[in-house]
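Asks: Can you keep this structure in mind? I'll have questions shortly.
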Amino acid sequence: MRRILAGALEQRGYTISEATTGDEAIALLREEHARWAQRWWRLQRETEQLTRRIEGRTNTIARVFDRVCD
């Protein structure tokens with residue numbers, strides 16, 4: 001188990017010392033996972049906002065033209 005955690009941490013750029021316990025390694029990985037989750041949710045919100053803005057602007061000229069012609 002320790003080797004798996006050490007490998008996962010080393011892949012992410014952490015240095016592993018003998019003093020690092022399994023619990024500390026898990027805490028580091030959890031923190032990293034939480035940061036990525038926050039980033040994903042922020043990007044998801046931004047994408048939804050941009051999609052709504054685009055949908056609101058789509059066919060704007062056509063709608064104005066139809067109102068004028070009616």
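The values are calculated or read from the model by the stated rules, or taken from the named source; none is laboratory data. Computed from a predicted model, the values in this text were never measured in an experiment. Cβ placement follows ideal geometry from the backbone for every residue including glycine, while neighbour counts extend to all protein chains displayed. What goes into the accessible areas is simple: the full protein's heavy atoms, side chains included, and nothing from ligands, DNA or RNA. Shrake-Rupley method; radii C 1.70, N 1.55, O 1.52, S 1.80 Å.
Asks: Identify, by number, the condition in (1) open to solvent by 60 Å² or more (accessible area, probe 1.4 Å); (2) polar (S, T, N, Q); (3) modelled with pLDDT under 85 that Ser17 doesn't meet.
Replies: Single failed check for Ser17: (1).
Asks: Let me ask something else about it. Mind checking whether some residue in region 2-13 is surrounded by 10 or more Cβ atoms within 10 Å (Cβ to Cβ), touching a Gly at 6+ places or on another chain (Cβ under 7 Å) and part of a helix (DSSP H, G or I)?
Replies: The answer is yes, given that some residue of region 2-13 is surrounded by 10 or more Cβ atoms within 10 Å (Cβ to Cβ), touching a Gly at 6+ places or on another chain (Cβ under 7 Å) and part of a helix (DSSP H, G or I).
Asks: Looking only at residues that are at pLDDT 90 or above and of a type in the set (A, V, I, L, M, F, W, C) in region 24-38, which one is farthest from Gly7 (Cα to Cα)?
Replies: Going through the qualifying residues, I end up with Ala37.
Asks: Looking at (1) exposed (fewer than 10 other Cβ atoms within 10 Å of the Cβ); (2) at pLDDT below 90, which one does Cys69 not meet, given that it meets all the others?
Replies: That leaves (2) as the condition not met.
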